[in-house]
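Undergrad: Can you read through this structure? Questions will come right after.
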Amino acid sequence: MSFCIECGCNISQSVFEYSLNNMGHPLCMNHQKWLNAIFYNSSTTPHAIELYFALKRRGVPAELEKWDGYKTIDIAVTDAKVNIEVDGKHHNYNHQQALSDLKRTYFSFQKGYLTLRIPNSLVEWSIEETADYITGFLIESKNRKY
Ligand SMILES: [Zn+2]
């Protein structure tokens, strides 16, 4: 028996194999469509999607490509008040992009949300350890009393 990693519903062996081969993750038909729509209609990256599913595998209630009314967050974990942005090289090398990122981080922090910026290289080379640390971070953030 196999399950959709997004909604937990049962999926058949053929759907499981198709999804694993084509999407890289076990998803039901509806969530294959959902992920395709996000992938082709938004600015999300394969790195953000990989990290999102690494967090889902750890039971994190993450949301992919969440619109907060002002901007789209790569991965949002609302109940821990943490936003995760997965960044490529241009975020470090381009000062205007870096400044715009800092402003976004500041405005989110004013609303009580912490932004974690994860470079693509961590997703590529140390995704499991990275996801473990982020999960620990989320638990600490959620338990913190303000
Ligand atoms: Zn599903």
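Undergrad: Within segment 130-137, can one find any residue that is of a type in the set (A, V, I, L, M, F, W, C), within 24 Å of GLY8 (Cβ to Cβ) and open to solvent by less than 80 Å² (accessible area, probe 1.4 Å)? First the steps, then the outcome.
TA: Initial filter on segment 130-137 (of a type in the set (A, V, I, L, M, F, W, C)): 131, 134, 137.
Pick out the ones that are also within 24 Å of GLY8 (Cβ to Cβ) and you get 131, 134.
Restricting the remaining residues to those that are open to solvent by less than 80 Å² (accessible area, probe 1.4 Å) gives 131, 134.
Yes, segment 130-137 contains a residue that is of a type in the set (A, V, I, L, M, F, W, C), within 24 Å of GLY8 (Cβ to Cβ) and open to solvent by less than 80 Å² (accessible area, probe 1.4 Å).
Undergrad: Return the total of residues in segment 1-53 being part of a helix (DSSP H, G or I) and more than 11 Å from the ligand (Cβ to nearest atom).
TA: Initial filter on segment 1-53 (part of a helix (DSSP H, G or I)): 13-23, 29-41, 46-53.
When the remaining residues are screened for being more than 11 Å from the ligand (Cβ to nearest atom), the result is 13-14, 16-18, 20-23, 36-41, 46-53.
Total meeting the criteria: 23.
Undergrad: Could you grab me the full set of residues in segment 16-29 that are under 19 Å from GLU124 (Cα atoms) and either among the hydrophobic types (A, V, I, L, M, F, W, C) or in contact with a Pro (Cβ under 6 Å, 6 or more places away or on another chain) (or both)?
TA: Matches in segment 16-29: LEU20, MET23.
Undergrad: Please find, within segment 111-129, the residue that is most open to solvent (accessible area, probe 1.4 Å) out of those that are in contact with a strand residue (DSSP E or B) (Cβ under 7 Å, 6 or more places away or on another chain) and not in a strand (DSSP E or B).
TA: Step one: filter segment 111-129 for residues in contact with a strand residue (DSSP E or B) (Cβ under 7 Å, 6 or more places away or on another chain), giving 113-120, 123.
Of the ones still in play, those that are also not in a strand (DSSP E or B) are 113, 120, 123.
On the way: TYR113: 59, ASN120: 34, VAL123: 11 Å².
Per the criteria, the residue is TYR113.
Undergrad: Checking the conditions here, which among GLN32, GLN13 is out of contact with any Pro (no Cβ under 6 Å at 6 or more places or on another chain), over 15 Å from SER108 (Cβ atoms) and open to solvent by less than 70 Å² (accessible area, probe 1.4 Å)?
TA: Details: GLN13 fails: open to solvent by less than 70 Å² (accessible area, probe 1.4 Å).
Of the residues listed, the single one that is out of contact with any Pro (no Cβ under 6 Å at 6 or more places or on another chain), over 15 Å from SER108 (Cβ atoms) and open to solvent by less than 70 Å² (accessible area, probe 1.4 Å) is GLN32.
The values are calculated or read from the model by the stated rules, or taken from the named source; none is laboratory data. Remember, it's a predicted structure, so these values are computed and weren't measured experimentally. Neighbour counts are summed over all protein chains in view; Cβ atoms, including those assigned to glycine, are modelled from backbone coordinates with ideal geometry. Remember, those area values only see protein heavy atoms, side chains included, never the ligands or the DNA or RNA. Shrake-Rupley method; radii C 1.70, N 1.55, O 1.52, S 1.80 Å.
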